[in-house]
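*Asks:* The structure's right below; bear with me while I get my questions together.
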Amino acid sequence: MSFDDILLNIISRLDGERYKHAAFHLMKGKRSGQTLQDTEYYRLHPFFGMLPSLHANDFNRCYQRLMASGLIAEKEDGTVFLTADGRKRASSLGPVRLNGWVYRGMEQVFFARLALTIQTVSHVSAGDRMFMPVSADPAVQRDVRNLFGTVLRGRKPVEIALEICEGLESTGMEDDRLSRFAARLTGKGMSGMTWHQLSGLTGMSEMDLKVEWVESLHIWLDAIADNPTPILSALSRGVRAESPLTDSAKKTDELYRAGMGMPEIAQRRNLKMSTIEDHFVEIAINDPTFPLRKFAAPEDIEAVRNEADRLATRKLSVLKKSFPGLSYFQLRLILARLGKEDGQDGYDDPGKPGQPAKTGHGL
Amino acid sequence: MDMTIPENLDSLLKQVTGFDEFREGQEEVIRSVICGHDTIAVLPTGAGKSLCYQLPVHALGGTVLIVSPLLSLMEDQVAQLKMKGEKRVAALNSFLAPKERSDVLANLGRYRYLFISPEMLIQPYISGRIKQLKLAYIVADEAHCISQWGFDFRPDYLRLREWLEALENRPPVLALTATASEKAIRDIADYLLMKQPQLFIHPPDRPNIAMELIGLDGREEKTEWILENLSRWKGPGIIYVQSRKRAEELADLLRSRQISAAAFHAGMETEDRILVQQQYLNGELEWICATNAFGMGINKPDIRWIIHDHLPPSAAQYIQEIGRAGRDGGQSLSTLLYSESDADTAAFIAMDDLPEPETVRFIGRCAAEGMDIAEAGERAGLSETAIRVVSYWLGRLGTEKAASQMESLAAGKRNEIIAMVRFAEGRGCIRSRAMGLFGYSPAVRPAHCCSECGLEPPQILIARTSAENTPGLLDWRKRISGLFGV
C-alpha cells in the first residue's frame, strides 16, 4: 500500500474528529497520552510507530497531495475528513498488513541484525574478516556477535540462506516485492541500494518504498512468530512489544499499585502532574482491572458513556461542554475505558500472532 | 611509574600492526608520547595519524582517552579499529542509546581505546568515572577544531580545557591535526594547557596530488565542465559541493550520463550513508557528491580525483579535502572550480553561523534578566551551534568582551576567505602558493605539479572507455544466493 493510501486509511478512521497532526504523531509512534488514546479510540494500532523517523516535510507533502486531489478536506476548525471521492478510494483499498502496535519501530532492529548477519557470513565465507559493518549500532553488533556464538555456530552459509529463503517464501509476498526487499541487503562485493537508488530503478517513490519495506518486515515477523524457525526466531528476539505500556507509564503504574497517590508519584518521579495524568490514561487504556470508579462517580461514568454514544463522538471538547463539572482528566479516563465496561474488556490483544487483522484490516 | 622506553620502536610496530617500517613522521611523535611529553603533531591527511595515538598505549598500558569532536569521524575510527580485530574499544557519544551507554560505563576499565565527544566528557557522572581510570595519555583528535581560527571550530571542544584544569594528575596530552596555521597551533597549546609541548610539523604538501585551478563563470558553467570532463575521464573521485541540493543535483545529472554517482550529506538516513560508503569503497560507485560535513568518514586509498565545485572558506579546509585523494601514493588530481561569485557565497555560509555582536548583547541582557541562554538564543534566531558559541563566550568573558570576540572571529573568517580568493585569483605555481598559505614552501616540485606549471591533466587521468551499465533489480532468490556465495 502506498504512503498516500496509508494516510487516507488513517484519516478515514479518524472520522473527521482530529487534525492532521494526529496522523503524523501516530505514524511516528509518539508516546503521548493523546496519541495512545487516539490509537485506541480509532483502532489505529496497525499504523502506530510505523515510521519512527518520518519527516514532517514528507508527511506534509503527502497530505497536500491528498488535499489537492480532492480525497480529503479540512473543516473550518482544521479537522480533516474524507470527501466522497476519498471514501470511494478508501473502500477500494486492500487490507493493511502493518502491525505497528506490536513492533513499534523494532522491526528495524530485526532488519539490522539480519543485514549484519548476512554481510558477515558473506564476507567470512569469502575469507574476508575485515569489513565495514552495515550497522553502526553497537547493540546490533553485539546481538549478531552473540548469534554467531550460539544459533549460527557451525552453520553453513547454504543452511542460513535456505532458512531465510524459505521464510520469505512462506509469507506469500510476491516476487517483485521481495526483490525490492532484498535489494537493501549487503554482502561481499555487493552493496545494498539506497532508497534513492532503488527509487530510480523501480520508479516507486522513496516514501512508498519505505512503507512497503516496513510492511514487509511486519508480515515476515508475524509469520516468524506463527511458525518459528531457529535462526529467524533468534534474529527477531525481543522485537515484539512485551508490555503495551511505555516504560515511564510502567513505572507510574508500579508506584500506583504500591499504594501511592498521583501527587505523590509526581513528586517522587519529579514529573509534571500532566505527565502522570497521561500515564494514568495509558494505564486505563490497557488495564482491564483499572479502578475507574475511584476517579469518577458511577453515575457520571454512565452519563458520559451515554452522551458519547448519543453524539457519536469521542471529542473531549464536545463532551466537556455537556459535563462542565468533570475535569478533562476524568473525561479522558472514562473515554479510555469506553467499550470495555467493567469486567468485559473489549480490547483484543493485537500482540497475538495472526490477530492484527482484527484491529487492522479493512475500513 | 616504572617503565623502560624501547630503544627501537620497530619491534613494537611489527608486533602490533605487522608493519616493518614507520611512515614518515610517525616515529618521532610516538616516541614523544611514550616519553610522557605533551605533543602536538601536524601530519598531512593520509600520513597515518591514527597510528600515532594507537601505538604508544601498547608500550604504556592503561587506557587512552581520545577526545574527538566530529562524531562521524569517531564512528569511523572505532569501526577501523574493530575491523583490525581490536576488541577493547568503545565510544561514548550522543549516538549511544541509554542502555549501550550504561554498558560501556560498566566496563570502562576494560577498554584500551576510549573515544569520547567533548559534551559527554563534561557530564559530571561520566567525567567522574573517567577520572578514576588509569589514563596512559589523552588524545585531542582533530585538534584544529579547538582553535577559534580553525574552519571546524567546535565550541564544545573548548570545554576540554576546563576538564583538564580539574584533573589532579594530568597525563600527557597528544594533539593531532592535519592542518593548522601558526595561530591555531598556539591556540591548541594554550587551550590544552600544554607544558612545553613537543612540536612535530609536517607541511601538508602531497606531491602525488597534482593541483588544478579553473576559472569559470557561474554554476551552469561548472555543471557543464563537470559533466563534460567526467564523461571523458574516470574517477574514483569526490566532488565537494556547498549544499545538499547541489549534491543531489550533480549526482542525478551524472547518473543521467551513465556515470555512477551518489550524493552524500547529513540529510540522509544513517543506513543510506553507510550503503553509499560501502558502494564507494567496493568500487560499485565511482563518484560521490558530498558536502564537507560528511566527507570525513571516507577512507578509501585509491581516490584519484577531488573536485571542488565551490571555493572552500579556508586554506585548511581546502588542503584537508584534497588530501583525501591518493592515499595509496598513486598519482591523483585536485581541481578547484572557481567563479567570482564564490567569495560571496563562501562568506555568507561562513558568517551564517556566527552571531552578530548586537545579538550577543541582546542575549547577554536576557541572561542578566534571568532568561535561559538557549531560549534567548532561539528568540534571536540563532542556530544551535551559534547558541553554544555565544553561551561559551558569555560565560567566560561577559557580554561586552563576548560581543567583540564575535567581531574578531568574523574578521578572522573573512581574512581566511580573502586569502582563499587571492589564492584562486592569483597567478604562479599553485602548489607553492597553497603551501604559502601555511607558511611553508614545497620541498620538491613534482613532475605533475599544477596547472600553472604546465600540468596536462590528460596525462594523468584515465580515459573512460565505455559507459557503465547500471545493474537492474536482481531477483530476490538470486540476490540472496549471491550474498551467501551459494
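The values are calculated or read from the model by the stated rules, or taken from the named source; none is laboratory data. On a predicted model such as this, the values are computed, not experimentally measured, just so you know. Virtual Cβ from ideal backbone geometry, glycine too; neighbours counted across all protein chains shown.
*Asks:* Take the range B:236-262 and flag every residue that is assigned to a helix (DSSP H, G or I) and hydrophobic (A, V, I, L, M, F, W, C). Full working, then the answer.
*Replies:* Just the residues of the range B:236-262 that are assigned to a helix (DSSP H, G or I), to begin with: B:244-256.
Answer for the range B:236-262, where residues must be assigned to a helix (DSSP H, G or I) and hydrophobic (A, V, I, L, M, F, W, C): B:247, B:250, B:251, B:253, B:254.
One line per residue, one yes/no per condition, for (1) exposed (fewer than 11 other Cβ atoms within 10 Å of the Cβ); (2) at pLDDT 85 or above; (3) of a type in the set (Gly, Ala, Ser):
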site: A:298; (1), (2), (3): yes, yes, no
site: A:315; (1), (2), (3): no, no, no
site: A:326; (1), (2), (3): no, yes, no
site: A:329; (1), (2), (3): no, yes, no
site: A:340; (1), (2), (3): no, no, no
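*Asks:* Ok, one more. Conditions: (1) within 27 Å of residue A:331 (Cβ to Cβ); (2) within 9 Å of the chain's Cα centre (by Cα); (3) not β-branched (Val, Ile, Thr). Residue A:82 meets all but one. Number of the miss?
*Replies:* (2)
*Asks:* Suppose we filter B:345, B:335 for residues that are out of contact with any helix residue (DSSP H, G or I) (no Cβ under 9 Å at 6 or more places or on another chain) and surrounded by 15 or more Cβ atoms within 10 Å (Cβ to Cβ); which single one remains? First the steps, then the outcome.
*Replies:* Details: B:335 fails: out of contact with any helix residue (DSSP H, G or I) (no Cβ under 9 Å at 6 or more places or on another chain).
Unique residue meeting the criteria: B:345.
*Asks:* Across the range B:30-57, what is the total count of residues that are at positive phi and in contact (Cβ under 8 Å) with a residue 40 or more places away in the chain?
*Replies:* If we filter the range B:30-57 for residues that are at positive phi, which is where we start, we get B:36, B:46, B:48.
Going one step further and asking which of them are in contact (Cβ under 8 Å) with a residue 40 or more places away in the chain, we end up with B:36, B:46.
Qualifying residue count, the range B:30-57: 2.
*Asks:* May I pose another question? Restricting the first residue to the range B:63-91 and requiring it to be closer than 20 Å to residue B:268 by Cβ and within 14 Å of chain A (Cβ to nearest Cβ), which pairs with a second residue that is among the acidic types (Asp, Glu) and assigned to a loop (DSSP other than H, G, I, E, B) meet a Cβ separation below 9 Å and a spacing of at least six or different chains?
*Replies:* Listed pairs, sorted by first residue: B:73/B:141; B:73/B:142; B:74/B:141.
*Asks:* Go through the range B:95-120 and count every residue that is away from chain A (no Cβ under 14 Å), within 23 Å of residue B:158 (Cβ to Cβ) and either of a type in the set (S, T, N, Q) or in contact with a Leu (Cβ under 8 Å, 6 or more places away or on another chain) (or both).
*Replies:* Looking only at that region, the number is 4.
*Asks:* Would you check if there is a residue in the range B:373-380 being modelled with pLDDT of 85 or more, in a loop (DSSP other than H, G, I, E, B) and either surrounded by fewer than 16 Cβ atoms within 10 Å (Cβ to Cβ) or assigned by TED's automatic domain parsing to the domain that holds residue B:281 (or both)?
*Replies:* No, the conditions are met nowhere in the range B:373-380.
*Asks:* Here is a follow-up. Which of the residues that make up the range B:424-437 are buried (at least 20 other Cβ atoms within 10 Å of the Cβ) and among the hydrophobic types (A, V, I, L, M, F, W, C)?
*Replies:* B:424, B:430, B:434, B:437
*Asks:* Among the residues that make up the range B:472-481, is at least one of them more than 14 Å from chain A (Cβ to nearest Cβ) and of a type in the set (D, E, K, R)?
*Replies:* Here is the first cut: in the range B:472-481, the ones more than 14 Å from chain A (Cβ to nearest Cβ) are none.
Scanning the range B:472-481 turns up no residue that is more than 14 Å from chain A (Cβ to nearest Cβ) and of a type in the set (D, E, K, R).
*Asks:* Here's something else I'd like to know. Of all residues in the range A:185-213, which are under 22 Å from residue A:231 (Cβ atoms) and touching a Phe, Trp or Tyr at 6+ places or on another chain (Cβ under 7 Å)? Can you show your working first?
*Replies:* Our first condition is that a residue be under 22 Å from residue A:231 (Cβ atoms); within the range A:185-213, this holds for A:185-188, A:190, A:192, A:213.
Within the range A:185-213, A:213 is the sole residue that qualifies.
*Asks:* Taking into account only those residues within the range A:80-128 that are among the polar types (S, T, N, Q) and outside any helix (DSSP H, G or I), which is farthest from residue A:23 (Cα to Cα)? First the steps, then the outcome.
*Replies:* First pass over the range A:80-128, keeping only residues among the polar types (S, T, N, Q): A:83, A:91-92, A:99, A:108, A:117, A:119-120, A:122, A:125.
Next, only the ones that are outside any helix (DSSP H, G or I) stay: A:83, A:92, A:99.
Values: A:83: 17, A:92: 21, A:99: 16 Å.
My answer is A:92.
*Asks:* Answer yes if at least one residue in the range A:101-113 is surrounded by fewer than 22 Cβ atoms within 10 Å (Cβ to Cβ) and over 26 Å from the mean Cα position of the chain (by Cα), and no otherwise.
*Replies:* Checked against the condition, which is being surrounded by fewer than 22 Cβ atoms within 10 Å (Cβ to Cβ) and over 26 Å from the mean Cα position of the chain (by Cα), the range A:101-113 yields no hits at all.
*Asks:* Could you tell me which of the residues B:438, B:484, B:423 is more than 29 Å from residue B:230 (Cβ to Cβ), aromatic (Phe, Trp, Tyr) and away from every other protein chain (no Cβ under 14 Å)? First the steps, then the outcome.
*Replies:* Details: B:484 fails: away from every other protein chain (no Cβ under 14 Å); B:423 fails: more than 29 Å from residue B:230 (Cβ to Cβ).
Answer to the check: B:438.
*Asks:* Restricting to the range B:436-486, what's the tally of residues that are within 30 Å of residue B:179 (Cβ to Cβ), out of contact with any Asp or Glu (no Cβ under 8 Å at 6 or more places or on another chain), modelled with pLDDT of 85 or more and polar (S, T, N, Q)?
*Replies:* The number of residues fulfilling the criteria is 1.
One line per residue, one yes/no per condition, for (1) more than 19 Å from residue B:456 (Cα to Cα); (2) crowded, with 19+ Cβ neighbours inside 10 Å:
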position	(1), (2)
B:206	no, yes
B:210	no, yes
B:215	no, no
B:221	yes, no
B:241	yes, yes
B:246	yes, yes
B:253	yes, no
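*Asks:* Conditions first: (1) within 25 Å of residue B:157 (Cβ to Cβ); (2) hydrophobic (A, V, I, L, M, F, W, C); (3) assigned to a loop (DSSP other than H, G, I, E, B). Residue B:199 passes all but one, so which condition is the exception?
*Replies:* Among (1) within 25 Å of residue B:157 (Cβ to Cβ); (2) hydrophobic (A, V, I, L, M, F, W, C); (3) assigned to a loop (DSSP other than H, G, I, E, B), the lone unmet condition for residue B:199 is (3).
*Asks:* Name the residues in the range A:1-55 that are in contact (Cβ under 8 Å) with a residue 60 or more places away in the chain, among the small types (Gly, Ala, Ser) and outside any helix (DSSP H, G or I), would you?
*Replies:* Of everything in the range A:1-55, those that are in contact (Cβ under 8 Å) with a residue 60 or more places away in the chain, among the small types (Gly, Ala, Ser) and outside any helix (DSSP H, G or I) turn out to be A:2, A:16, A:29, A:32.
*Asks:* Related question: So if I check each of A:26, A:36, A:71, which one is buried (at least 20 other Cβ atoms within 10 Å of the Cβ), at pLDDT below 90 and among the hydrophobic types (A, V, I, L, M, F, W, C)? Walk me through it before giving the result.
*Replies:* Numbers: A:26 fails: at pLDDT below 90; A:71 fails: at pLDDT below 90.
From the options A:26, A:36, A:71, the qualifying one is A:36.
*Asks:* Any residue at all in the range B:75-86 that's surrounded by fewer than 21 Cβ atoms within 10 Å (Cβ to Cβ) and either modelled with pLDDT of 90 or more or over 25 Å from residue B:15 (Cα atoms) (or both)?
*Replies:* Checking the range B:75-86: at least one residue is surrounded by fewer than 21 Cβ atoms within 10 Å (Cβ to Cβ) and either modelled with pLDDT of 90 or more or over 25 Å from residue B:15 (Cα atoms) (or both).
*Asks:* Separate question: For the range A:1-44, which residues satisfy the criterion of being within 17 Å of residue A:285 (Cβ to Cβ) and of a type in the set (Val, Ile, Thr)?
*Replies:* A:35, A:39
*Asks:* Find the residue count for the range B:32-55, including only residues that are over 22 Å from residue B:145 (Cβ atoms) and crowded, with 21+ Cβ neighbours inside 10 Å.
*Replies:* The qualifying residues number 2.
*Asks:* Would you mind finding the one in B:481, B:441 that is of a type in the set (Gly, Ala, Ser), surrounded by 12 or more Cβ atoms within 10 Å (Cβ to Cβ) and not in a loop (DSSP other than H, G, I, E, B)?
*Replies:* Numbers: B:441 fails: not in a loop (DSSP other than H, G, I, E, B).
Answer to the selection: B:481.
*Asks:* Restricting attention to the range A:120-129, does a residue exist that is more than 10 Å from every other protein chain (Cβ to nearest Cβ), touching a residue at least 40 places away in the same chain (Cβ under 8 Å) and closer than 26 Å to residue B:271 by Cα?
*Replies:* Checked against the condition, which is being more than 10 Å from every other protein chain (Cβ to nearest Cβ), touching a residue at least 40 places away in the same chain (Cβ under 8 Å) and closer than 26 Å to residue B:271 by Cα, the range A:120-129 yields at least one hit.
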